[in-house]
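A.B. asks: I am attaching a structure below and will ask some questions about it afterwards.
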Amino acid sequence: QVQLVESGGGLVHAGGSLTLSCAASGTNLSIYPMGWYRQAPGEQQELVAVMYSGGQTIYADSVKGRFTISRDNAKNTVYLQMNNLKPEDTAVYYCTARVMLVTFWGRGTQVTVSS
């Protein structure tokens, strides 16, 4: 069973930065895609970024140029560096890992950006 634990959320002023971390346990995820989703109050869940085992990345248009996803396979951890944060980035951020046909989710970490 895969377990994902996010950390690094918090309150930041607009223009600030945060780095989210997601530590995985239960299996080595180095060959599987890992990513981040977010959900704002009253909004649908949306993909923020995903990184595949070969290093390929996909970003939501709204975060391109501001967010960077990375992973440390030795630590079984994925990161999301968020720069130039905007109030519209306020959401609960969830880490995901897709293992074969199953998607695992963390419990989420709150990111709040004040204007």
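A.B. asks: Within the accessible area of the chain, what % is carbon and sulfur when the probe is 1.4 Å and the other protein chains stay in place? If you can, show how the numbers build up before the last one.
C.D. replies: Working: 3090 of 6120 Å².
The nonpolar share, carbon plus sulfur, comes to 50 percent.
A.B. asks: Further, regarding this structure: Roughly how many Å² is the accessible area per residue of region 28-115, as a whole number, for a 1.4 Å probe?
C.D. replies: 54 Å²
A.B. asks: Treating the beta-carbon of each Lys and Arg as +1 and of each Asp and Glu as -1, no other charges, what is the dipole magnitude of region 1-113 about its Cα centre, to the nearest 20 debye?
C.D. replies: Result for region 1-113 is approximately 200 debye, rounded to the nearest 20.
A.B. asks: Taking the Cα-to-Cβ direction at residue 81 and at residue 40 and moving 7 Å from each Cα, how far apart do the two end points lie in nm?
C.D. replies: About 2.5 nm, to one decimal.
A.B. asks: Would you kindly derive the ³J(HN,Hα) couplings of region 39-51 from the backbone phi angles with the Karplus curve 6.51 cos²θ - 1.76 cosθ + 1.60 (θ = phi - 60°), listing them in order in whole Hz, with x for Gly and Pro?
C.D. replies: Once rounded to whole Hz, the list reads 9, 8, x, x, 10, 7, 5, 9, 6, 9, 6, 9, 10.
A.B. asks: OK, next. Which cross-chain or sequence-distant (5 or more) residues have an amide H under 5 Å from the amide H of residue 90, H modelled 1.01 Å from N in plane?
C.D. replies: 113
A.B. asks: What's the percent breakdown of Cα-Cα distances in the chain across 10 Å bins, shortest bin first?
C.D. replies: Final binned percentages: 15, 51, 28, 6, 0.
A.B. asks: What ³J(HN,Hα) values, in whole Hz, does the Karplus curve 6.51 cos²θ - 1.76 cosθ + 1.60 give for region 22-35 when θ = phi - 60°, with x put for Gly and Pro?
C.D. replies: Values per residue, Gly and Pro as x: 9, 9, 9, 9, x, 6, 7, 9, 4, 9, 10, x, 10, x Hz.
A.B. asks: I'd like the accessible area for residue 71, computed on protein heavy atoms only with a 1.4 Å probe and all protein chains in place. Round to 10 Å², please.
C.D. replies: The value for residue 71 is about 40 Å².
A.B. asks: Then there's this: Determine the distance separating the Cα centre of region 1-27 from the Cα centre of region 71-115; give it in Å without decimals.
C.D. replies: 5 Å
A.B. asks: I would also like to ask the following. How much accessible area does residue 93 have with a 1.4 Å probe, in Å² rounded to the nearest 10?
C.D. replies: Using a 1.4 Å probe on the heavy atoms, I get roughly 0 Å².
A.B. asks: Moving on. With a sphere of radius 12 Å drawn around the Cβ of residue 93, what net charge do the other residues whose Cβ falls strictly inside it have (Lys, Arg +1; Asp, Glu -1)?
C.D. replies: Residues close to residue 93 contribute a combined charge of -1.
The values are calculated or read from the model by the stated rules, or taken from the named source; none is laboratory data. Since the model is a prediction, treat every value here as computed from it, not as a measurement. All Cβ positions, even for glycine, are placed from backbone atoms using ideal geometry, and neighbour counts span all protein chains on display. Note: areas computed on protein heavy atoms with side chains; ligands, DNA, RNA excluded. Shrake-Rupley method; radii C 1.70, N 1.55, O 1.52, S 1.80 Å.
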